[in-house]
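Only one structure is covered here, and it is reproduced in the block below.
The values are calculated or read from the model by the stated rules, or taken from the named source; none is laboratory data. It should be emphasised that the depicted structure is a prediction, and the values quoted were computed from it without experimental measurement. Positions of Cβ are backbone-derived with ideal geometry, glycine not excepted, and every protein chain shown enters the neighbour counts.
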Protein chains: 2
Amino acid sequence: MTVDEVLNDLKQKIRAQLPKDITISDVDFEGPELVIYTEEPRKFADSGDLIKSLAKDLRKRLVVRPDPKVLAQPEGAITSISKIVPPESGISNHYFDVDTGEVIIEAEKPGLVIGRHGETLREITKEIGWTPKVVRTPPMKSATVSNIRQFMRANKDERKAILKTIGRKIHRGVSSKDKWVRLTTLGACREVGRSCFLLSTPETRILIDCGVSVSGDENGTPYLYVPEVHPIGQIDAVILTHAHLDHAGLVPLLYKYGFEGPVYCTPPTRDLMALLQLDYIDVAAREGRKIPYESAMIREVLKHTITLNYGDVTDIGPDMKLTLHNAGHILGSSVAHFHVGDGLYNIAFTGDFKYEKTRLFDPAVADFPRIETVVMEATYGGSRDMQPSRKDAERHMQQLAKETLENRGCLLIPTFAVGRSQEVMIVLEEAIRKELIGNVPVYLDGMIYEATAIHTTHPEYLNNELRNQIFHKGMNPFLSKCFVQVDSKEMRQKIIDSREPCIILATSGMLNGGPVMEYLRSLGPEERNTMVFVGYQAEGTLGRRIQKGWKEVPVYAGGGRTETIKINMRIDTVDGFSGHSDRVQLLEYVRRMRPRAEHIITQHGDEKNCMDLASSIYRKFKIETRAPMNLETIRLA
Amino acid sequence: MTVDEVLNDLKQKIRAQLPKDITISDVDFEGPELVIYTEEPRKFADSGDLIKSLAKDLRKRLVVRPDPKVLAQPEGAITSISKIVPPESGISNHYFDVDTGEVIIEAEKPGLVIGRHGETLREITKEIGWTPKVVRTPPMKSATVSNIRQFMRANKDERKAILKTIGRKIHRGVSSKDKWVRLTTLGACREVGRSCFLLSTPETRILIDCGVSVSGDENGTPYLYVPEVHPIGQIDAVILTHAHLDHAGLVPLLYKYGFEGPVYCTPPTRDLMALLQLDYIDVAAREGRKIPYESAMIREVLKHTITLNYGDVTDIGPDMKLTLHNAGHILGSSVAHFHVGDGLYNIAFTGDFKYEKTRLFDPAVADFPRIETVVMEATYGGSRDMQPSRKDAERHMQQLAKETLENRGCLLIPTFAVGRSQEVMIVLEEAIRKELIGNVPVYLDGMIYEATAIHTTHPEYLNNELRNQIFHKGMNPFLSKCFVQVDSKEMRQKIIDSREPCIILATSGMLNGGPVMEYLRSLGPEERNTMVFVGYQAEGTLGRRIQKGWKEVPVYAGGGRTETIKINMRIDTVDGFSGHSDRVQLLEYVRRMRPRAEHIITQHGDEKNCMDLASSIYRKFKIETRAPMNLETIRLA
C-alpha cells in the first residue's frame, strides 16, 4: 500500500466510527502522529474515551487539533487573553505550540487564569481557538528555552511541512519480504565517547546517538563515512538518549551531510542539547579550533526535533516503534526501547544510566513489555569500579566544605554544567540550610545557572520527592539565596580578590578550559583552599594530573605562552555523585530487569571494562553477552 | 598522490634505471599491471633480469609489451606465419591475446613452428611483432574456449579501455588516515549456497564470490541490497574462488546492477564459469523460470575478467594484494589470499577445497607468507562427516561396475558436469584399460564432454602425475576410446533402446532435471541396472529420495503431467569422490596450516556443521573461531 492508500483507509475508518454530529475538516500524518483537524475540538473533548478507543482500533498515535481556521493569530490571541484574565494573575509569557494547537500560558497565579471550575479557561478557548494550558511562571528564566520556543513559533510553517514529510515517510507501506534486524557499531565500543549506533531492518535505518569524541580529537567522530550510513539523506531518524556532547554533539553535522529526517528525544534533552551544542562551537571558535558545524545547523536540528515524553509509544518507521524511559543519568536522559516488526524483536539502549535513586532522579527503568537485547554502558564495568554510597559521598562533601570554610578557605568544585552540578547544589543547599556548614555564598560560574534554569522548566522530569518539595512545599532548592550566578569577568575577579570563604562550582569539569581555570590560578597556590573532583577525570586531562598529585601544572595562558600554576591547595575526590551506575548497580540492573534479556551488548567503557562486564554478566546470569568493537555488525534477528 | 602523479613518478624511475640504448614508447597501468611499451621488445628480453629487478624496486607487476605500432593486424599476421612455417606443422589455430601482445599458435607438431634452436619462432617475431607462443593442438575441441578467445579478440579495443580504467583505479593513492579491515557476510553462512562476502577497508571494497542459492529459490540471492554493497558501481573488484554456480552464478547480475570493475580468477575458472552461466540461463528459459540476467551480461563479465595464475601476487586496490593458490576442488579452484595494507592484515578464503591428493588435483595449499584469518568451508564439518578413502571408493565403484555389467545391466551415474565427472572418468578408464571391468562404452551426456574439453585446454591446472601421463607418456585418459559423447536425442534413445550393458555419466547430479532423467525413466524399473550416487544429494531433491529408498518417485513429465517411475534398479552411493574435504581433512588442514591462523571463520555448511567445526577447531587448536550468520560484519583489524 502507498502512504496515500494507507491514509485514505484510515480516514474512512475514522469517519465511520465518529458520531454524526462531529465533523472533521482534515486528517493527515504529522510526524509520528495521525492528526484529526476539527472546527469543534470541544465536542471531541466532551466525548470521553472516543479518541482513545479510536487510537487503539487504528493502532496509531491519534491527536485532535483545532482547524487552523479557528485559531486566532498569536498576537490577536494575546490581546484577547489579556482582556479575559484579571491583571493580578501576572501572566509572564505565552508559548504558542504550533505542533499541538496549544498555548501555554505562564502566570504567577495560575488559579486566576483557570478561573472557578475552569470558567476563565473555557472562555479563552472559545475566543482564540487554541487550547490553553496554564503553568506557573518558572522560577528561573532560561534564555535557551525561551529562544527555542520563539524560534519554533517563527518557523511554524516550515516545521509543519517537515512534520508532514516525516509523517508520510513513517507510514509508508512495508515493501520487503525479508525480515532481519542488524546493529552496526559506529562509536563508543571499547571506548568512552562518540556514541553512535545504527539499527537497521530491510525497511528502516535508525541512528542512536551521534556524539563527539571525549579525547577532543578532531578526527574522533563516529564512523559516519562507512557505506552502511549512506546516503545519509535516507536514514529514517536519529534517537538521542541524552544531551551530553558525547551522545548528541554531532547531530548538527548530519544535517550538514544531507540528513533531513527527525530527531526524537525528550523535551529536556532538546533544550539541553541546544545549549551544549551552541557552547561547543563557541568554545571551538574561541580556542581557534576547527568548527565542525555552524549554528544554522543547530537550528536545523531544532526544526526537525520531535519530542516524546517517557512512555509514549511512537511509530518511527513502517516496522519500528520507539518508547523512551527514564534513565536516571541527567535531566531527560532516556533508555530507548525499540519494538521492531510485528513482534519480531525488541532492543533497548540504556544510554548512560544510573540505577540508584539520586537527589534529582528516580533509578533507570528496568521493566519492558518485551526485550531480547539490551545495549548497556560499561563506564564503571570493571570489577573494582565500586562507588561509595551516596550518603557517604554527601557526608564527605559536607566534611570537606566544613573544614575548608572553617579554615577560611574556598572550596572549588570543577564540574560539568549539566548533571553533577545540580546534584551537588542540592547537597550544599541542604547543608547550609541545616547549618551543617557555614552560610557562605555558592557561586555558579559557566553554564551552570542556565542548565539549572532548564531543570526548573521541566520539573516533571525530576523525581517525585524533589517535585513535591518544589510544588507542594514551595521549597525549590535551586532558588535558595545561597546560589549566586557569576555573570561577568569583573564579578569573577571580585570574588577571587576578596579572598572571602566561599564555595565555587565552575566549568569545565576536567579542567580543560572554562572559568574554573581562573579560580585555579588564584586559589591553587594557597593551602587553605580545597579543590574537590566530583566527576570522572579522563586520562590526559589537567584534572587527572592534579588528581594524581602533580604539584606544578603547566597551563596555557593565551598568546602562545604557558605559565605554571603551583598546587598547594588541598586536593580530594568525592566519588559517589556520578550519574553512571557503578559495577554493583550495573549488575543489579541486569538482575532486576523484567523480562530478562537474552543478549546483552556492553559499550561506553574502556576495553577492559567492557570485556569485564560482559564476561561477569555471562558468568552470573548465563545471558549471552558481547563487547563488540567499533565497525562491527551484529545480526540480532 | 593522484594516480597521474604516481604514474609520472614510476615513469621517471623506469627511465632512470634503463640502459640508454633501450627506448620505451609508453608506460601505463592496465588492470593490475604496469605495462612498458617498446618498439624493441627483443632488447628487453635479452637484458636478463632487468625487468625482474625493476619490478622488485617499484613493487609493481611489470610487463613489457611490443608497441602496438609494431604489431601486425591479426589477419596479416596469420598470413605471414603461414608463409614462414612449413605446412606439415599442422597449425590448427591462432589466438591473439591483446592483453599481452602474445599470439598462441596451436599446432599438431609444435617443434616445426619453433624451428632449430627457435629459429623459426624468431623469424615470426620479427615479421609480426607479436610474441609467439607455441602449444600442442588441444586433443579435445572446446567450443567454450574458442568462443571466449574469439570474443576477446573482437572486443580488444573496449577491453583495453576497461583495463586502463581499472588500472588507474587500482593505483590511486591511499586517502584515508583510518586503518581497519572488515568482513561482511552476504551469503553461505550457516547454509550451503549463495556464497558471497564483502571484504572492506577505508579504501577498498571487494566481493569474494557471488553465487546462486542451491535450493533454487529465486529470492535466494546473496544479500546484495544492503547498503554496504552500494553503490555497486563503486565496488573495486570481484574475486572468484571457483566456477560452480553457487560461487559464481550471479556475477553477471552485478554488471546489470551497475558494477564496472574487474573479476579476478584463474583462466580455467573463467572458461568453466562462462559455460555454467550460459547453461544456467538456458535451463531457466527451458523450464519457464525467471531468467535473472541475459547472455549479454555474461559477455560483460568476460570483458572485465582478469585471469591470474596460481602464485601471482597482484595489486587489486591501493591497499590490497591478492594471490590465488590451488584449492584442489575443481579445475582452477582457488584459495584466495589477501594481503591488506602494508603488513596490516592477511586473510584467506579457502572457497570449496579438497585437502587430499585426487586423480586430478594436488591437495589445497596450506602455506602462506602470512595469515591472520582463514574463512573456510564446513560442508562436511560435522563430527560424523567422514568419507571413505579414495582407494576404497575406487574399489567400490569398480565392484559395482563389474557386478552390473556381468549381470548385463547398465551402470547409471548421475553427476555434476564439472569436477566429479572427470574424476570418475579416470577411474573407469583405468578399470577398463586394466581389464578389471568389461570393455563397454562409457557414455557422457549433458555438458560433461564440454567440461572435459576445458580440462584438456588447461593441463597446467591438473596435478603433476596426470600432466606427466598426458604430456610425457602420451596417455591422455580423457581421450580413451571408451568415452562416447551423446550429442543428440536420437543417440540417447538408441542407447536406451539397445539395452546393451554400458556405463552412463549424465547430468544433473541430484536428478533435478537434465538428460539423466531420460535414462532413469527407462533403466529405473529394471533390476539388472544400477544407479550410483557419487556426489552430495541435497534434502528435497529427487536424488535424495531415491537414496533414502523410495521405490516409486513422481517425475514431472512435461505439459503439466506427472508420471511415476518405479525404482527396481539397484541403488548405491560411493562417498569418497567428493571434491570437498571431509571432517578429518578439514581438521588436518588447520593442523598443517603454516603459519597457523589466529582466527578461523566457518561457513558453507549447514548450521550444525558450521558450529561443530568451529567449536572443534577451538577445542583442538585453541584458535579463536566463529560461525557467523549472514548479514554480520566482523571487524578483523
Going through segment B:201-216 one residue at a time, which ones are closer than 16 Å to B:E228 by Cα and either surrounded by fewer than 21 Cβ atoms within 10 Å (Cβ to Cβ) or within 14 Å of chain A (Cβ to nearest Cβ) (or both)? B:T201, B:P202, B:E203, B:T204, B:R205, B:I206, B:L207
Qualifying positions in segment B:360-383 - closer than 20 Å to B:M611 by Cα and of a type in the set (G, A, S): B:A378, B:G381, B:G382, B:S383
Residue count, segment A:600-611, condition away from chain B (no Cβ under 14 Å) and farther than 20 Å from B:E632 by Cβ, comes to 5
Within the set of pairs 6+ apart or on separate chains, which have a first residue in segment A:590-616 that is polar (S, T, N, Q), a second that is assigned to a helix (DSSP H, G or I), and C-beta atoms under 7 Å apart? A:T602/A:C610; A:T602/A:L613; A:T602/A:A614; A:Q603/A:C610; A:S616/A:L587
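For (1) in contact (Cβ under 8 Å) with a residue 40 or more places away in the chain; (2) more than 23 Å from B:R467 (Cα to Cα), each residue gets a yes or a no:
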| residue | (1), (2) |
| --- | --- |
| B:Q399 | no, yes |
| B:G409 | yes, yes |
| B:P414 | yes, yes |
| B:V418 | yes, no |
| B:R433 | yes, no |
| B:I437 | no, yes |
| B:L444 | yes, no |
| B:Y449 | yes, no |
| B:H455 | yes, no |
Can you pull out every residue in segment B:297-335 that is within 30 Å of B:D157 (Cβ to Cβ) and of a type in the set (A, V, I, L, M, F, W, C)? B:M297, B:I298, B:V301, B:L302, B:I306, B:L308, B:V313, B:I316, B:M320, B:L322, B:L324
Among the residues of segment B:484-522, the number that are buried (at least 23 other Cβ atoms within 10 Å of the Cβ) and either touching a Gly at 6+ places or on another chain (Cβ under 6 Å) or farther than 19 Å from B:A417 by Cα (or both) is 5
Among the residues of segment B:576-599, is any within 14 Å of another protein chain (Cβ to nearest Cβ), touching a His at 6+ places or on another chain (Cβ under 6 Å) and farther than 16 Å from B:D352 by Cβ? no
Would you tally the residues in segment A:169-200 being farther than 24 Å from A:H604 by Cα, β-branched (V, I, T) and within 13 Å of chain B (Cβ to nearest Cβ)? 0
Can A:R42 be described as touching a residue at least 24 places away in the same chain (Cβ under 8 Å), over 23 Å from A:A161 (Cα atoms) and either assigned by TED's automatic domain parsing to the domain that holds A:A161 or not acidic (D, E) (or both)? yes
Here are some conditions: (1) within 25 Å of the chain's Cα centre (by Cα); (2) of a type in the set (K, R); (3) over 22 Å from B:T625 (Cα atoms). B:K179 meets all but one. Which one does it not meet? (1)
What pairs come up if the first residue lies in segment A:525-545 and is within 27 Å of A:E500 (Cα to Cα), the second is surrounded by 22 or more Cβ atoms within 10 Å (Cβ to Cβ) and of a type in the set (D, E, K, R), and their beta carbons are under 7 Å apart, counting only those six or more places apart or on different chains? A:V534/A:R420; A:G535/A:R420
Among the listed residues A:I503, A:I495, which satisfies the condition of being part of a helix (DSSP H, G or I) and among the β-branched types (V, I, T)? A:I495
Long-range neighbours under 6 Å by Cβ, at least six apart or interchain, first residue under 27 Å from B:R408 (Cβ atoms) within segment B:569-580, second part of a strand (DSSP E or B) and among the aromatic types (F, W, Y): B:T573/B:F533
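I'd like the residue in segment A:105-155 that is in contact with a strand residue (DSSP E or B) (Cβ under 8 Å, 6 or more places away or on another chain) and among the basic types (K, R) and, out of all such residues, is nearest to A:I454 (Cα to Cα).
Here the residue is A:R149.
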Taking strands (runs of 3 or more DSSP E) that fall entirely within segment B:1-80, which contain at least 2 residues that are farther than 21 Å from B:V174 by Cβ and in contact with a Ser or Thr (Cβ under 9 Å, 6 or more places away or on another chain)? B:33-38, B:61-66
Might you let me know whether segment B:287-309 holds any residue that is within 26 Å of B:L360 (Cβ to Cβ) and modelled with pLDDT under 95? no
Would it be correct to say that B:E123 is over 24 Å from the mean Cα position of the chain (by Cα) and either among the polar types (S, T, N, Q) or surrounded by fewer than 16 Cβ atoms within 10 Å (Cβ to Cβ) (or both)? no
Subset tally (residues that are surrounded by 24 or more Cβ atoms within 10 Å (Cβ to Cβ), farther than 20 Å from A:T314 by Cβ and among the small types (G, A, S)) for segment A:229-244: 0
A:L272 is checked against (1) within 14 Å of another protein chain (Cβ to nearest Cβ); (2) of a type outside the set (S, T, Y); (3) part of a helix (DSSP H, G or I) and fails just one. What number does that condition carry? (1)
Of the listed residues (B:R159, B:R149), the one being touching a helix residue (DSSP H, G or I) at 6+ places or on another chain (Cβ under 8 Å), in contact (Cβ under 8 Å) with a residue 24 or more places away in the chain and away from chain A (no Cβ under 14 Å) is B:R159
Collect the residues in segment A:170-193 that are under 19 Å from B:Y223 (Cβ atoms) and among the aliphatic types (A, V, I, L, M), keeping them in residue-number order. A:V174, A:V181, A:L183
Counting just the residues of segment B:225-244 that are free of Cβ contacts under 8 Å to residues at least 40 places away in the same chain and more than 16 Å from B:I206 (Cβ to Cβ), which one comes out farthest from the other protein chains (Cβ to nearest Cβ)? B:Y225
Would you pick out the residues in segment A:176-207 that are more than 28 Å from A:A538 (Cβ to Cβ) and β-branched (V, I, T)? A:V181, A:T201, A:T204, A:I206
Would you point out the residue of segment B:612-637, among those that are of a type in the set (S, T, Y) and surrounded by 18 or more Cβ atoms within 10 Å (Cβ to Cβ), that is farthest from the other protein chains (Cβ to nearest Cβ)? B:S616
Output yes when any residue across segment A:245-253 is surrounded by fewer than 22 Cβ atoms within 10 Å (Cβ to Cβ), closer than 23 Å to A:I162 by Cβ and either within 14 Å of another protein chain (Cβ to nearest Cβ) or within 20 Å of the chain's Cα centre (by Cα) (or both), and no when none is. yes
Selected residue (only one of B:T358, B:T350, B:T305 is of a type in the set (S, T, Y) and farther than 26 Å from B:V584 by Cβ): B:T305
